[in-house]
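K.L.:
Take this structure first; my questions come after.
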Amino acid sequence: MTFSGTGCSILRMIRDNLFIDGIDRGDISFDEEVERIMLAFTPTLKNSLEQQHPEWRPLVEKAKQATGLLKNHEIQADWNSLPLVEYADWCFYPEPDGTFLYLAVYADLIVPRTEQEQQRQDKLFRELEAIIQPNLYTLRQRGNDLILLLRLTSSPAR
């Protein structure tokens, strides 16, 4: 997986959403944030954290289900419409101090061109919310970026 354009977009979206929620980003440089987010999307880190923290399993399953739903929409296209999602993935979002406070589900959406595609996207958002509820979450869309943040109940170090 390459992160040339997508990684920076993922990083900006996650960082902006966390900053909006009042979380202090500190004096970390953009390059350090890019490195953290690139590492966060590696399967070995995901697997390691899942094994180390079984208390996070219910939220991890919700993130996987939400990502699975988004990935299903990556491939759903026909002669009349484009897929709704260009790219989707999830990660444990690493804080500068090495802790994990959030699970992040990210998707690069394809802008709906027709009313039918807009209705499909609205339905996708309702399905995402149905998967995540009753957990507390933040769901934001800015441009083509969709971010879903699930707060972990504890923040153990890496």
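The values are calculated or read from the model by the stated rules, or taken from the named source; none is laboratory data. For clarity, every value in this text was computed on a predicted model and none was experimentally measured. Ideal geometry is used to build each Cβ from the backbone, glycine not excepted, and the neighbour counts take in all protein chains shown. Surface accessibility is based on the protein's heavy atoms, side chains included, excluding ligands, DNA and RNA. Shrake-Rupley method; radii C 1.70, N 1.55, O 1.52, S 1.80 Å.
K.L.:
If a residue has to be β-branched (Val, Ile, Thr) and surrounded by 19 or more Cβ atoms within 10 Å (Cβ to Cβ) to count, how many in segment 44-68 make the cut?
P.N.:
Final tally of qualifying residues: 2.
K.L.:
Scan segment 85-114 residue by residue and report those that are surrounded by 12 or more Cβ atoms within 10 Å (Cβ to Cβ) and among the hydroxyl-bearing types (Ser, Thr, Tyr).
P.N.:
Scanning segment 85-114 gives Tyr87, Tyr93, Thr99, Tyr102, Tyr106.
K.L.:
Out of everything in segment 47-74 that is among the charged types (D, E, K, R) and more than 19 Å from Gln133 (Cα to Cα), what residue ends up being nearest to the chain's Cα centre (by Cα)?
P.N.:
For segment 47-74, the residue satisfying everything is Lys71.
K.L.:
Next up: Suppose the filter is touching a Ser or Thr at 6+ places or on another chain (Cβ under 7 Å), part of a helix (DSSP H, G or I), over 20 Å from Phe41 (Cα atoms) and acidic (Asp, Glu); does Glu129 pass it?
P.N.:
Taking the combined requirement at face value, the residue does not satisfy it.
K.L.:
Something else now. Just name the residue that is modelled with the highest pLDDT out of those in segment 146-158 that are over 15 Å from His73 (Cβ atoms) and buried (at least 16 other Cβ atoms within 10 Å of the Cβ).
P.N.:
Leu150
K.L.:
Suppose we keep only residues that are touching a Phe, Trp or Tyr at 6+ places or on another chain (Cβ under 8 Å) and at pLDDT 90 or above within segment 57-76. Which one would you say is nearest to Thr99 (Cα to Cα)?
P.N.:
Step by step, filter segment 57-76, then rank; the result is Ala63.
K.L.:
Take segment 115-141 and flag every residue that is touching a residue at least 24 places away in the same chain (Cβ under 8 Å) and either open to solvent by less than 40 Å² (accessible area, probe 1.4 Å) or in contact with a Lys or Arg (Cβ under 9 Å, 6 or more places away or on another chain) (or both). Give the steps one after another, and end with the answer.
P.N.:
Residues of segment 115-141 touching a residue at least 24 places away in the same chain (Cβ under 8 Å): 116-117, 120-121, 124, 127-128, 131-132, 135, 138, 140-141.
Correct list: Glu117, Gln121, Leu124, Leu128, Ile131, Ile132, Asn135, Thr138.
K.L.:
A follow-up question, please. If Trp79 satisfies all but one of (1) more than 17 Å from Leu150 (Cβ to Cβ); (2) at pLDDT 80 or above; (3) open to solvent by 70 Å² or more (accessible area, probe 1.4 Å), what's the number of the condition it fails?
P.N.:
The single condition Trp79 does not satisfy is (2).
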